[in-house]
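Asks: Below are the structure tokens for one structure; questions will follow.
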Amino acid sequence: MQNRLLVGVFSVLSVLCLVGFSRLGCSLLARSRETDSAREQQRPVAVLEWTEYDFGTFEAGPTLQARFPLRNDGARRLIVMEKSRSCECVSGRRREIILEHGESTELEAVLQTRGLRSNVRLELDYTTSDPQLPQFRLTVIADIISPSPKVR
């Protein structure tokens, strides 16, 4: 009888102990999730309004500029760097951009059409400090035609 009583008490204590540790474990897990969520809210957030610009049809010769609005909706500084481009005829105005929380700017793609003919699709690749958008590509499209002959 005394053994049964000891086993019963031990069982009740074991269950209480497990419940207590379980709650502690759940509490630690919840704190870990809160920390991850807080860390997520403290990151930079790159927001692009659009990533493609179509100039339509142009005669070869002029320099064309496309603007791509960019803002940092995050809590930390956003760093954006031009990584590569598909042609020397297209370039960005700035190689590195730093935006603090809430700041915005425009990325510019400049297309030199002199000597170009036909449909062109050119790309500028960028990297960012935003862990959710570590890289992105801006695309410029144009249909470049030969200039009309000048009438004298």
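Asks: Dimensions of the range 46-145 along principal axes (Cα, Å, largest first)?
Replies: 46, 19, 19
Asks: What is the distance, in nm, between label points placed 7 Å from the Cα along the Cα-to-Cβ direction at ILE98 and at ALA60?
Replies: 4.2
Asks: Next question. What FRET efficiency do you get for ARG43 and ASP125 if R0 is 25 Å and r is their Cβ-Cβ distance, rounded to the nearest 0.05?
Replies: Calculated value: 0.75.
Read-outs throughout are calculated quantities, based only on the coordinates presented, and are distinct from any laboratory measurement. It should be emphasised that the depicted structure is a prediction, and the values quoted were computed from it without experimental measurement. Cβ sites come from the backbone with ideal geometry, for glycine too, and all protein chains shown count toward neighbours.
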